[in-house]
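Colleague: A single structure is presented below for examination.
The values are calculated or read from the model by the stated rules, or taken from the named source; none is laboratory data. Keep in mind it's a predicted model, so treat the numbers as computed, not measured. Neighbour counts run over all protein chains shown; Cβ positions are idealised from the backbone, glycine included. The protein model used for the area step is the full one, side chains on, heavy atoms only, and it has no ligands, DNA or RNA in it. Shrake-Rupley method; radii C 1.70, N 1.55, O 1.52, S 1.80 Å.
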Amino acid sequence: VRPRMNLARAYQEAGRTDEALEEYRNTLILATLPNVSEMNRRLAKQLAATNAGQIYIRRGQLQEAEELLVFAWNQEPGFPGLAANLAVVYILQKKYQLAGEVLDVGLSHAHHYPWFTELGKVHLLRGQSHEFSGNCELANNEYRIAAETDADIAANPSHCLIPVED
């Protein structure tokens, strides 16, 4: 499972996305074999779906991304990487409430994944879901947390304006 996952990631990073998707599919198939440890099975499902979802999103294939990510989410709910990519799909589809709900679950499970280092991006997406839903107060709070969590994220990249007191 791990060599296939690594090969898929290498293909993805090289821009060979068709080959990457094929290897992610192989990873998901191999993860169902009985001799694969539970840890490797879960990790393979989470990462293969997360990374393949990124490819579909970048290609603009939102339906394919949603189907794959929802399938994986139903099997492995709570993984922040799946939450982030599924939220991107929902935001692009203007399903802001669903995006926020998925991100809430992903953030509530983050402590189970101490190796996941992109929580700042999850908070950023949560801020976007609040912003697009019209709640600037919650959006700005999430943007602040995102900036504190990840130095590469701007403190307030939104259209929401923080009121200045006189």
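Colleague: So if each residue of separation counts as 0.36 nm, and I subtract the Cα-Cα distance between N26 and L98, what length gain in nm does that give?
Modeller: Numbers: separation 72, 0.36 × 72 = 25.92 nm, distance 2.95 nm.
Going from the current span to full extension adds 23.0 nm.
Colleague: Can you tell me the Rg and Dmax of segment 1-75, counting just the alpha carbons, in angstroms?
Modeller: Over segment 1-75's Cα set, Rg and Dmax evaluate to 11.6, 36 Å.
Colleague: Using only alpha carbon pairs under 8 Å that are at least six residues apart, calculate the relative contact order of the chain and give it in whole percent.
Modeller: Details: 229 pairs, mean separation 21.8, N = 166.
After rounding, I find 13 percent.
Colleague: Roughly how far apart, in whole Å, are the Cα centres of segment 9-66 and segment 100-137?
Modeller: Taking the Cα centre of segment 100-137 as reference, the centre of segment 9-66 is 22 Å away.
Colleague: Got a sec to turn the phi values of segment 16-31 into Karplus ³J(HN,Hα) couplings, 6.51 cos²θ - 1.76 cosθ + 1.60 with θ = phi - 60°, whole Hz, x for Gly and Pro?
Modeller: Values per residue, Gly and Pro as x: 8, 6, 5, 5, 4, 4, 4, 6, 5, 4, 4, 4, 5, 5, 4, 5 Hz.
Colleague: Could you point to the label whose value was computed as volume of the Cα convex hull per residue in Å³ for the structure here, given (i) 166; (ii) 116; (iii) 140?
Modeller: Label of the calculated value: (ii).
Colleague: Using a 7 Å offset from Cα along Cα-Cβ at L62, what residues in segment 89-119 end up with backbone N under 16 Å from the label point?
Modeller: Those under the cut-off are 89-100.
Colleague: Report the paramagnetic label zone for R42: residues of segment 97-116 whose backbone N is under 20 Å from a point 7 Å from Cα along the Cα-to-Cβ axis.
Modeller: Residues 102-116 fall inside that zone.
Colleague: Go ahead and run the numbers for FRET between L33 and D152, Cβ-Cβ distance against an R0 of 41 Å, rounding to 0.05. Mind showing how you got there, number by number?
Modeller: Values: r = 38 Å, r/R0 = 0.94.
Rounded to the nearest 0.05, the efficiency is 0.60.
Colleague: Next question. Could you state the accessible area per residue of segment 1-71 in Å², with a 1.4 Å probe and every protein chain left in place? Provide the component values of the computation, followed by the final result.
Modeller: Values: 3990 Å² over 71 residues.
For segment 1-71, the solvent-accessible area averages 56 Å² per residue.
Colleague: Step through the residues of segment 4-12 one at a time and calculate ³J(HN,Hα) from phi using the Karplus curve (6.51 cos²θ - 1.76 cosθ + 1.60, θ = phi - 60°), rounding each to whole Hz and writing x for Gly and Pro.
Modeller: Taking θ as phi minus 60°, the curve returns 5, 4, 5, 5, 4, 5, 4, 4, 4 Hz for segment 4-12.
Colleague: Between V70 and R144, what is the spin-label point distance in nm, taking each point 7 Å from the Cα along the Cα→C-beta axis?
Modeller: 3.6 nm
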